[in-house]
Amino acid sequence: MEQRHLGRTGLRVSRIGLGTLTWGRDTDEHDAADLLKTFWEAGGNLVDTADVYGDGEAEYLLGQLMDGLVPRRDLVISTKAGSVPDPDRRVDGSRGHLLSALDASLARLGTDHVDVWHLHSYDPATPLEETLQALDIAVASGRARYAGVADFCGWQLARAATWQLAAPGSRARLASTQMEYSLLQRGVEREVLPAALDTGIGLLPSSPLGRGVLTGKYRGDAVPQDSRGASEHMAPFVEPYLDDTASRIVDAVTTAADGLAVTALQVALAWVRDRPGVTAPVVGARNAQQLAAALSVEALSLPDEICRALDDVSAPVHRYPDHDWSTL
């Protein structure tokens, strides 16, 4: 699998990442082992997890598999911290919480360092410089090799990146940001992506298949029994992308796939993989067969005319101040 630099760093990662959101919950140890082995054998190395996935079980399971199935040195492990199961405070970006969470993640993963450590979300209740200091300490101590953020809006990302760049050598520059990005969700193009490109941060898109909707499995009101849409706890996650607007985009993706003699999944994934500023979409597959279908996109590059057609049908409405006011 082709590799790309993560942002403006020397770290190279596979241009498709493996997500572990459902590990330890919907994905058991046998399916997780098949997924990791399939990914590794295809040349993938970027594996993304978080301390809250499966209440820590995803990290623990990944650590168990690294112990005997796939060598630790062959993987780029990314994890996240900051989200907390507290309805009154969903994010804790305090330095104390973050560093304690990192130590707990390392224990579950069974390793002395993670390759990329992400802040899971912006915490408005904690001074940003305190939150970012946790990243500096983690990198300086060797517990994390690189640092990033997730779900920061445009101004938050620009502020964080600029703060880190203001003291080169003593602060860890941000290598990456994780955001939802697909043909069904192009909101990052408004401010996040321009900020990332300007500050040298690589984008790791989550839900690159529109939470599974872009595969075409939900066309015509169909809800496969083994899909996320049929899952009690995941159905609300899928539902926002089952409207008429999404249906038109899915139809366009399916038409493009038919014309290229490939699958809708391949078209949707190739589109986001090759967008400017994207380093590696993170794919969450239910089993090895699904993952192999996603990894088969490696050989596909979409023709320019197909990309333009998909851009047009999925274009978000961005007016002032994103466009020159005199043209509106």
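The values are calculated or read from the model by the stated rules, or taken from the named source; none is laboratory data. Fair warning: this is a prediction, and the values are worked out from it, not measured in the lab. When we count neighbours, we look across all protein chains shown, and the Cβ atoms used for this are built from the backbone with ideal geometry, even at glycine. Areas reflect the complete protein model, heavy atoms only, side chains present, ligands, DNA and RNA absent. Shrake-Rupley method; radii C 1.70, N 1.55, O 1.52, S 1.80 Å.
Taking the Cα-to-Cβ direction at I137 and at H318 and moving 7 Å from each Cα, how far apart do the two end points lie in nm?
So the two model labels end up 3.7 nm from each other.
Over the stretch 20-166, what is the percentage of antiparallel beta bridges among all DSSP beta bridges, to the nearest 5?
Antiparallel bridges: around 5 percent, rounded to the nearest 5.
Extent of the chain along each principal axis, from alpha carbon coordinates, in Å, largest to smallest?
Principal-axis extents of the chain (Cα, largest first): 57, 52, 40 Å.
What trypsin sites (Lys or Arg not before Pro) in the stretch 242-328 are in a loop by DSSP, with at most 15 other Cβ atoms within 10 Å of the Cβ? Write out the running numbers ahead of the final one.
Details: sites: R248, R273, R286, R308, R319; in loops: R286, R319.
Qualifying residues, ordered by number: R319.
Taking K and R as +1 and D and E as -1, what net charge do the other residues with C-beta under 12 Å from the C-beta of R143 add up to?
Once positives and negatives cancel, what remains is -3.
Given L62, Q185, N45, which one lies farthest toward the positive end of the charge dipole of the chain, if we put +1 on the Cβ of every Lys and Arg and -1 on the Cβ of every Asp and Glu?
Looking along the dipole axis, the top candidate is N45.
By how many nm would the segment from R308 to R190 lengthen if fully extended, with 0.36 nm per residue of separation less the alpha-carbon distance?
Numbers: separation 118, 0.36 × 118 = 42.48 nm, distance 1.81 nm.
Residue separation times 0.36 nm, minus the Cα-Cα distance, leaves 40.7 nm.
Measuring with a 1.4 Å probe in the full set of protein chains, what accessible area per residue, in whole Å², belongs to the stretch 26-145?
Working: 5100 Å² over 120 residues.
For the stretch 26-145, the per-residue accessible area is 43 Å².
Determine the principal axes of the Cα atoms in the stretch 33-142, then give the extent along each, sorted from largest to smallest and rounded to whole angstroms.
That works out to 43, 31, 21 Å along the principal axes.
Return the sequence-ordered ³J(HN,Hα) values of the stretch 47-60 in whole Hz as given by the Karplus equation 6.51 cos²θ - 1.76 cosθ + 1.60 applied to θ = phi - 60°, using x for Gly and Pro.
Computed from phi, the couplings for the stretch 47-60 are 10, 10, 9, 7, 5, 9, 5, x, 6, x, 5, 5, 5, 4 Hz.
Using the basic label-point model (7 angstrom from Cα toward the beta carbon), what is the D198 to A293 distance in nanometres?
Spacing of the two 7 Å Cα→Cβ label points: 4.0 nm.
Would you please give the FRET efficiency between D244 and E129, computed as 1/(1 + (r/R0)^6) with r the Cβ-Cβ distance and R0 = 51 Å, to the nearest 0.05? Don't jump to the answer; show the numbers that get you there.
On the way: r = 45 Å, r/R0 = 0.88.
Plugging the Cβ-Cβ distance into 1/(1 + (r/R0)^6) gives 0.70.
So what's the back-of-envelope 222 nm ellipticity for the chain, counting only DSSP H runs of four-plus at -39500 (n - 2.57) apiece and dividing by all residues, rounded to 500? List each step's numbers first, then the result.
Working: 11 runs with 123 residues, N = 328.
Computed ellipticity for the chain at 222 nm equals -11500 deg cm²/dmol.
Give me the Kirkwood hydrodynamic radius of the stretch 78-125 in Å, from all C-alpha pairs, to one decimal place? Walk me through the numbers on the way to the answer.
On the way: mean 1/r = 0.0898 Å⁻¹.
Taking every pair of different Cα atoms in the stretch 78-125, averaging 1/r and inverting gives 11.1 Å.
What part of the accessible area of the chain, given as a whole %, is carbon or sulfur when the probe is 1.4 angstrom?
On the way: 7250 of 14750 Å².
Its accessible area is 49 percent carbon and sulfur atoms.
Could you give each residue of the stretch 128-139 its phi-based ³J(HN,Hα) in whole Hz, using Karplus coefficients 6.51, -1.76, 1.60 with θ = phi - 60°, and x for Gly or Pro?
Coupling constants for the stretch 128-139: 4, 5, 5, 4, 5, 4, 4, 5, 4, 5, 4, 6 Hz.
Mind pulling the per residue volume of the convex hull built on the Cα atoms of the stretch 124-176? Å³ is fine.
Details: hull volume 4.1 nm³, N = 53.
In the stretch 124-176, the Cα convex hull volume per residue is 77 Å³.
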